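Single-structure report; data block below.
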Amino acid sequence: MGENTPMDEFCGSTFWDANQTWWTTDPDFTPCFEQTVLVWTPCAFLWLFILIDFWYLKASLDRNIPWNKLSIGKVLFNVGLIVITALDLIMAFVKKGESNIPIYAVDIWTPIIKLATFAILLIFIPLNRKYGVQTSGCQFLFWLLMVIFSIPRCRTEARMHQERRDIINSQEATPHDFSWETYQFCSFFIFFTFTVFMLIFNCFADQLPRQTKYKRGPKEIPELSASFLSRITYSWFDKMALKGYRNPLEEKDLWDLRPQDSCKEVMPTFAYYWNKNVRKNYRRMAVGQETKAQFSNGKVSFENPQKNGKKKGMASIMPPIYKSFGGIFLFGSFFKLITDILTFAQPQVLSLIIGYVEDYQKAPQPEWKGIMYSILLFVLASAQTFILAQYFHRMFIVGLRIRTALINCIYRKALRISNAARKSSTVGEIVNLMAVDAQRFMDLTTYLNMLWSAPLQIALALYFLWQQLGPSVLAGLAVMIIMIPLNGFIASRIKTYQIRQMKYKDERVKLMNEVLSGIKVLKLYAWEPSFEKQVLDIRDKEIATLRATAYLNASTSFLWSCAPFLVSLVTFATYVLSNEANQLSVSKVFVSLSLFDIMKLPLSVMPMLMVDIAETQVSVQRINKFLNSEELDPDNVQHDSSKPHPMSIENGHFSWGDEDEMTLKNINMEVRKHNLVAIVGTVGSGKSSVIQAFLGEMEKISGTVNTVGKMAYVPQQAWIQNATVRDNILFGKSYDRKRYNQVIDACALRTDIEILSAGDRTEIGEKGINLSGGQKQRISLARAVYSNADIYLLDDPLSAVDAHVGKHIFEEVIGPKGMLAKKTRILVTHGITFLPQADNIYVMKLGEISESGTYSELLRNRGAFADFLMQHLQEGEAEEEEIDQIKRQLSQTDPALVAPFEKAILLARTESLSDSISVTSADSLMGGSLRRRKMRQNSYDSAASAASLKKKQENEGKLIETEKSQTGGVDFSVYKHYIKSVGIFLSVATLVLNFVFQAFQIGSNLWLTQWSNDKEVEHDTGKRNMYLGVYGAFGFGQGVFSYIAVVIIYCGCLRAAKILHNKFLNQVIHGSVCRFFDVTPLGRILNSFSADMDVIDEELPGTLDSFMSFIFMVLATIVVISISTPIFLAVIVPIAFVYYFAQRFYVATSRQLMRLESVSRSPIYSHFGETVTGVSTIRAYAVEERFIEESDEKVDKNQVCKYPSLIANRWLAVRLEMVGNLIILFASLFAVLGGQTNPGLVGLSVSYALQVTQTLNWLVRMSSDIETNIVSVERIKEYGETKQEAPWVLESDKQRPKNWPEGGRVEFKDFQVRYREGLDLVLRGVTFNISGGEKVGIVGRTGAGKSSLTLALFRIIESAGGKIMIDGIDIATMGLHMLRSRLTIIPQDPVLFSGSLRSNLDPFEIKTDDEIWKALELSHLKTFAKSLAAGLNHEISEGGENLSVGQRQLVCLARALLRKTKVLVLDEATAAVDLETDDLIQKTIRSEFKECTVLTIAHRLNTILDSDKVIVLDKGQITEFASPNELLSNPNSAFYSMAKDANLV
């Protein structure tokens, strides 16, 4: 060796000797290298990264870990290491001083460096204990490096010890003094043993801390106390995976949330930065206008970007997001950088391996190098696996936290937003901010780093490729760059098709919704085929669009499968053709190929990332707009207790946020303590607005509003939460049984609660769906009464309840003797009866108070109040006793008013439609003053059906549960069903084509190896061109087959989708009304038509396609590796085993976690939607805090399910990638050790192995996706078992007379019927005869079986005994369509479908225009239809919304006139029709249906007094059957008593 280097002098011996270390078959390091570099490297690592440990100490939420065996062990061994190292230092001076051996710098500096390092580690042990840090990655890695780096010295020391022994034992012994060396030998091995122990100690985590910021429950997530080793391998998740594999996970199996991710931890940080940002943006406020609206929830208060500051700009959510979550994000990005660099080390090692194999024949390299390269490749891949897992984990955490912060921020804002701002967006849009926009961030965080990582990867790849192939690389790059806009173009085409397909899908689902909602009417009219055809037409268009998309998808996949190939072809071609001297060597080929592979991902991700970022940008703008929108001014209402009265408004002018539009003017009002003040006035006069003004919901333009005390508010439209009845009434207050019962009785809720299936513990559906209007209103009132406030604002709480209930409530609750007698009350009302008991009355007119005073004062004034009274009476809805009472009051106060009053009543009388039947109803169904009259009669069905309702609800509970929550795997029969739908030929073709495609791919790669191994090519350009040509041909084959394979898979899947949909539709439309539609929620069927069909149309084909290609890729890899190293097959079995188990565990657990997550996600949004709708109630009761907490809980609960499913992904990734890394290890080891002489094959097999990790990972993802998606097929297949009704058409129908029924004779013979198996009979043995042409009225109280009679006539419900004959033919023997199309019905609710007016009258298009116009004329719609621009083609909106209810009823009449058969059933419309329309209908029916048999189900007796006969039904049996006159002359008949109730006799 030449010169002495500084390091040589530092040690006193050689520092680096290449002959000893590298160019040898027995490699070793020099002692100097072992004592310097191998010791200093771990120490340097520790000093570099110890800062991270300090940060963890600072960030820890826990304190004080008790001393335990582990920490004591750590201290003892650490002290031991310090002692040994100190001894080394002392001995160096002592020993060397004695024996005159020179002391070198290394003997002093190495121990000193070690001492300092061990000292800092010793300090950390108590620090970690004090701050509750249970494990440290930095320290674990230090000990690991220390142990690994000490191993070479172990070998050296052992050898030297052996040599010394040999010298001592040898014959010609000259006395040697080996004492220093022996000391070093002993001290080193003690040191090494201690280091190993420290490493073992650091594999475990410390005990749980004693003090924690948050209570640690038994369900604490194991991650918190997992050791570093367990964290990087995710082995702490094993328990969950095992549990999920054994039986389906449930919510109770999940762990608690990590405190760091909960709202309590995330919110304060975010709020702090948000408020700073708000202040910065709204800093230049006019002095003295510093209004800060704050949400105080513990620490979290959000400042309000108020409008009175001069805006510098909108406060944006981005800066607070960077500042709150940027730290973790950057830490994650650091990981990403490391993995990116590691990725590029792999091709370099690959070229070393290829070099090793190439030299094998000429001058073989020592074997240890080959082994080292293989192990190096494995270590690189494993390091990448662990670091990448941590990167994704970090990114997911950031995403989750951002989502948490945004959801909370939006929720809190929604509670404060002003009404004007709220009007600018619908509830749906606001909920979308949370559901869609906040979710976008979460999806984006994972990929955001690609922004810098992708260009970096591409640049590095190009740099290394340039080294291999020089400028030819640019040709390949050009191809890649051309691909990007091509893909962009295809993607934009796909997008247009997708938009079109969404449009068709919406149309189809909307139509299905109408069909399902109106299924009963469709069946009565026998119109199903027409609508089925409409649905199928839309579906065909949809399939056509999907097919076009499929071809485009195939072309993208064609481009992607060809891209890497084209790139390599172009690059290699350019390289060999540009210069004769350029020859392809094996290492060049395979290193370039693996570099091209690395480039593929970033290139494909970039365009997608751009789109995602653009979308997120839009989301940010939407969220900013919402968070910056105007809030309610807290100064709208003052709470000045020095004012004399609890509530007052002085000179108030108010608007609903539109400055120009004044809703209320000159309002002066005061409410004395304990008084009841009534506000009356016509519709739209501003009564409710006054109440909103008191609540501070209106924009105050001038004046003052003052309220003192706690408020309770009953809105006009009751706001009911999706919770139990009791929770709705308690509304967050504690349960006081005595008071609660008192409230329930006072609000007349006792009977309702008894009817409900679970009493007051019954869950109420969203928006109170399973309660009637009156019940909702009374629950809302009960909530107010229970809250025991000081001030009560009651906005027309009595409108939705019946008169006698209203009276009860007034007396028990609101009136002078009620529960609220000692409170201050404002009541908006329409009930005149209660006014005399009010202490003061304000009459509103056009937004002003027109007069006020007591009842008698107002009557004397003869002003607006008297007018209001008259108008109210003329509406003809006053009850008898109400009228008497008013008469009495009038005669006392102002006798002059009695005469006009009598006249008004008389007018109302003549039109009276008093309906004896439904006055008994428990409740009416709709709220709001306008609809009062309609409601009185609309309460059809409530009392008697209460009992059946109870039954129905008990069943309902069961019914709704019957939807199978899919657990466990999917039956094989489902796959079989799907494959059958795809078609056997297409299924086989797919497999074959994929196989051929992979064969071409392997072929082209083997051809490349052949080429690169061929040495003759250098001299023979013809041969070179032949190689190039064949290579190109292989590529062309690949492209063609990949294209056909994708097209075929998509076509097959679409064929299946079409078959499944049509079968499903057919089954549903043929479903029986009572046995299927009544027990299946429409939403669920509709969901299958939209969501499940969507999965089958769009997700399954793509998933199956990817699955196929991945499976064949894995097979190809195994084949290629086995060709090059057959011994590899021995390893494949255990590896496959491990893989299979990881996959089974994962799929079972992950599938269940995904389900739990989606189940726990919807409550967040529905709770938010509920809050937005009920925000004024929430503010009135001042319970915002509680709602914020509820929302936080729901978000946390969702995270509880979300977090494990993200971890499950990482858990799987780490395990599968390790399986892949083993494949890499064995493929390269066997290639090196197996004496393989063909470098091309080795290169091929190792580069295939390098790709396999990702492929395996994706394969599991895809297989679990298929399992998740196939569930949709399963669900749709289940609908194939729906209960069907009788066949529509029978052969025997053809023999029946064309114009049956000619006579129209109807006879019932001992007829019985029930709605479903297991329910009671509704008609019990009914027998009667109706001759042709007779007009018969059917009456009876609610639930007597009137409607069932008509349904039986149309066989909507099938007979349970007896029969019905029409013209002597038993209707049970006919096809349903034959029967239904020959009868005519005018149903009770006029159901219209969206489409033209014409299609609503004549869906099969068999009538001429003249006939239709004639029918319209007779039904008094002609003038209306003529006035429409489009005439008969006038579009009718969904449910006929753009026609008035009366017009809809007339359309139904026109339908009947068009069909005009011998038998007409008239199920009398109750609510909808005003008197005029009603008269028109009656007249038309009398004239047009003279010859026909008419059955009328009457709700109003005066319409059937002129019929030939009357049937009186009671409890499913006929009690009376005779002419009306006969029955009326008998005072004991039931008919007579009904007539008396209706004031007809």
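Report every pair of residues separated by at least 6 positions or lying on different chains whose Cβ atoms are under 6 Å apart, first residue within region 1059-1075 and in contact (Cβ under 8 Å) with a residue 60 or more places away in the chain, second surrounded by fewer than 18 Cβ atoms within 10 Å (Cβ to Cβ) and assigned to a strand (DSSP E or B). If the second residue must be surrounded by fewer than 18 Cβ atoms within 10 Å (Cβ to Cβ) and assigned to a strand (DSSP E or B), the pairs left are HIS1070/GLN1284.
Going by the structure shown, is LEU81 open to solvent by 50 Å² or more (accessible area, probe 1.4 Å), out of contact with any strand residue (DSSP E or B) (no Cβ under 9 Å at 6 or more places or on another chain), under 30 Å from THR21 (Cα atoms) and in a helix (DSSP H, G or I)?
Working: open to solvent by 50 Å² or more (accessible area, probe 1.4 Å): no; out of contact with any strand residue (DSSP E or B) (no Cβ under 9 Å at 6 or more places or on another chain): yes; under 30 Å from THR21 (Cα atoms): yes; in a helix (DSSP H, G or I): yes.
Judged against the criteria, LEU81 is not a match.
The one condition from (1) at pLDDT 85 or above; (2) outside any helix (DSSP H, G or I); (3) within 30 Å of ASN666 (Cβ to Cβ); (4) in contact with a helix residue (DSSP H, G or I) (Cβ under 6 Å, 6 or more places away or on another chain) that PRO836 does not meet is (2). When LYS1202 is tested against (1) over 23 Å from ARG412 (Cα atoms); (2) in a helix (DSSP H, G or I); (3) out of contact with any Cys (no Cβ under 7 Å at 6 or more places or on another chain), only condition (1) is not met.
Do we find a residue being touching a residue at least 60 places away in the same chain (Cβ under 8 Å), in a loop (DSSP other than H, G, I, E, B) and farther than 19 Å from ILE779 by Cα anywhere in region 801-808? It would help to see each step written out before you state the result.
Kept after step one, since they are touching a residue at least 60 places away in the same chain (Cβ under 8 Å), are these residues of region 801-808: 801-803, 805, 808.
From what is left, the residues that are in a loop (DSSP other than H, G, I, E, B) are 801-802.
Going one step further and asking which of them are farther than 19 Å from ILE779 by Cα, we end up with none.
No; the residues of region 801-808 include none that is touching a residue at least 60 places away in the same chain (Cβ under 8 Å), in a loop (DSSP other than H, G, I, E, B) and farther than 19 Å from ILE779 by Cα.
Rundown of residues vs (1) over 27 Å from ARG1500 (Cβ atoms); (2) open to solvent by less than 20 Å² (accessible area, probe 1.4 Å), yes/no style:
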| site | (1), (2) |
| --- | --- |
| HIS1377 | yes, no |
| PRO1387 | no, yes |
| LEU1397 | yes, yes |
| LEU1416 | no, yes |
| ALA1430 | yes, no |
| GLU1435 | yes, no |
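Within the set THR833, THR829, the sole residue that is of a type outside the set (Gly, Ala, Ser) and over 19 Å from ILE779 (Cα atoms) turns out to be THR833.
Candidates are the residues of region 788-808 that are out of contact with any Lys or Arg (no Cβ under 6 Å at 6 or more places or on another chain) and open to solvent by 10 Å² or more (accessible area, probe 1.4 Å); the one that is farthest from LEU827 (Cα to Cα) is HIS804.
Selection of first residues in region 225-251 that are closer than 12 Å to ALA205 by Cβ and of a type in the set (Ser, Thr, Tyr) and of second residues that are open to solvent by 60 Å² or more (accessible area, probe 1.4 Å) and at pLDDT below 90, restricted to Cβ pairs under 7 Å at least 6 apart or on distinct chains, gives the following pairs, ordered by first then second residue: SER225/LEU208.
Can you say whether ILE72 is of a type in the set (Val, Ile, Thr), within 26 Å of PRO126 (Cα to Cα) and free of Cβ contacts under 8 Å to residues at least 24 places away in the same chain, as far as the supplied structure shows? Yes; evaluated as a whole, the condition is true for this residue. In region 1146-1169 there is at least one residue that is crowded, with 19+ Cβ neighbours inside 10 Å and over 21 Å from the mean Cα position of the chain (by Cα).
Within region 1401-1411, does at least one residue satisfy the condition of being closer than 28 Å to SER1072 by Cα and among the polar types (S, T, N, Q)?
In the first step, residues of region 1401-1411 are kept if they are closer than 28 Å to SER1072 by Cα; the result is 1401-1406.
With the extra rule that they be among the polar types (S, T, N, Q), the set shrinks to none.
No, there is no match, as no residue in region 1401-1411 is closer than 28 Å to SER1072 by Cα and among the polar types (S, T, N, Q).
Among the residues making up region 578-600, a single one is open to solvent by 10 Å² or more (accessible area, probe 1.4 Å), under 10 Å from GLY1243 (Cβ atoms) and among the hydrophobic types (A, V, I, L, M, F, W, C): LEU593. If the condition is being modelled with pLDDT under 90, among the hydroxyl-bearing types (Ser, Thr, Tyr) and either assigned to a loop (DSSP other than H, G, I, E, B) or surrounded by 17 or more Cβ atoms within 10 Å (Cβ to Cβ) (or both), then region 729-781 contributes SER757, THR762, SER772. Every test in (1) in a helix (DSSP H, G or I); (2) farther than 22 Å from GLU615 by Cβ; (3) not hydroxyl-bearing (Ser, Thr, Tyr) is passed by PRO364 save one, and that test is (1). Within region 352-382, track down each residue that is open to solvent by less than 30 Å² (accessible area, probe 1.4 Å) and closer than 14 Å to ALA1231 by Cα. Residues satisfying the conditions are ILE353, ILE354, GLY355, TYR356, VAL357, LYS369, GLY370, TYR373, SER374, LEU377.
One line per residue, one yes/no per condition, for (1) in contact with a Phe, Trp or Tyr (Cβ under 6 Å, 6 or more places away or on another chain); (2) of a type in the set (D, E, K, R); (3) touching a residue at least 24 places away in the same chain (Cβ under 8 Å); (4) buried (at least 23 other Cβ atoms within 10 Å of the Cβ):
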{"residue": "VAL785", "(1), (2), (3), (4)": "no, no, yes, yes"}
{"residue": "ILE814", "(1), (2), (3), (4)": "no, no, yes, yes"}
{"residue": "LYS817", "(1), (2), (3), (4)": "no, yes, no, no"}
{"residue": "LYS822", "(1), (2), (3), (4)": "no, yes, yes, no"}
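Figure legend. Inter-residue proximity from region 13-30: first residues open to solvent by 50 Å² or more (accessible area, probe 1.4 Å), second residues among the aliphatic types (A, V, I, L, M) and at pLDDT below 85, beta-carbon distance below 7 Å, spacing 6+ or different chains. Indicated pairs: THR14/MET1.
Per-residue answers, yes or no, for (1) at pLDDT below 85; (2) within 16 Å of LEU1153 (Cα to Cα); (3) of a type outside the set (Lys, Arg); (4) under 37 Å from the mean Cα position of the chain (by Cα):
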residue	(1), (2), (3), (4)
ASP1192	no, no, yes, yes
TRP1211	no, yes, yes, yes
VAL1242	no, no, yes, no
ARG1261	yes, yes, no, yes
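Restricting to region 1250-1301, and then to whatever is of a type in the set (Ser, Thr, Tyr) and part of a helix (DSSP H, G or I), can you tell me which residue is most open to solvent (accessible area, probe 1.4 Å)?
Start the filter on region 1250-1301 by keeping residues that are of a type in the set (Ser, Thr, Tyr), which leaves 1253, 1255, 1263-1264, 1268, 1272, 1279, 1282, 1292.
Cutting the leftovers down to part of a helix (DSSP H, G or I) gives us 1253, 1255, 1263-1264, 1268, 1272, 1279, 1292.
Numbers: THR1253: 15, THR1255: 11, SER1263: 20, SER1264: 13, THR1268: 64, SER1272: 8, TYR1279: 24, SER1292: 43 Å².
The extreme case among them is THR1268.
If you take the residues of region 655-690 that are part of a loop (DSSP other than H, G, I, E, B), among the β-branched types (Val, Ile, Thr) and in contact with a Phe, Trp or Tyr (Cβ under 9 Å, 6 or more places away or on another chain), which of them is most open to solvent (accessible area, probe 1.4 Å)? Of everything passing the filter in region 655-690, THR682 is most open to solvent (accessible area, probe 1.4 Å).
Give the number of residues within region 1-31 that are outside any loop (DSSP other than H, G, I, E, B) and farther than 15 Å from ALA105 by Cβ. Working first, answer last.
The first filter runs over region 1-31 and keeps only residues outside any loop (DSSP other than H, G, I, E, B), leaving 6-11, 18-21, 31.
From the residues that got through so far, the ones that are farther than 15 Å from ALA105 by Cβ too are 18-21.
Residues meeting the conditions: 4.
Looking only at region 43-71, which residues are more than 30 Å from PHE334 (Cβ to Cβ) and open to solvent by 80 Å² or more (accessible area, probe 1.4 Å)? Across region 43-71, the qualifying residues are TRP67, LYS69.
Tell me, which residue of region 435-457 that is more than 17 Å from the chain's Cα centre (by Cα) and open to solvent by 30 Å² or more (accessible area, probe 1.4 Å) is nearest to ILE341 (Cα to Cα)? Checked region 435-457; the qualifying residue nearest to ILE341 (Cα to Cα) is LEU456. Exactly one residue out of ASN1025, ASN994 is farther than 30 Å from ILE1096 by Cβ and either in contact (Cβ under 8 Å) with a residue 24 or more places away in the chain or in a helix (DSSP H, G or I) (or both), and it is ASN1025. Residues in region 188-226 that are open to solvent by 60 Å² or more (accessible area, probe 1.4 Å) and in a loop (DSSP other than H, G, I, E, B): PHE204, GLN207, LEU208, ARG210, LYS213, LYS215, ARG216, PRO218, LYS219.
Only one of LYS510, LYS520, LYS541 is touching a residue at least 12 places away in the same chain (Cβ under 8 Å), more than 32 Å from the chain's Cα centre (by Cα) and open to solvent by 60 Å² or more (accessible area, probe 1.4 Å). Can you tell me which? Quick ask: steps written out before the conclusion?
Numbers: LYS510 fails: more than 32 Å from the chain's Cα centre (by Cα); LYS541 fails: more than 32 Å from the chain's Cα centre (by Cα).
It is LYS520.
The values are calculated or read from the model by the stated rules, or taken from the named source; none is laboratory data. All values reported here derive from a predicted model rather than from experimental measurement. Every residue, glycine among them, receives a Cβ derived from its backbone with ideal geometry; neighbour counts consider all protein chains shown. The area values use the complete protein model at the heavy-atom level, side chains included, leaving out ligands, DNA and RNA. Shrake-Rupley method; radii C 1.70, N 1.55, O 1.52, S 1.80 Å.
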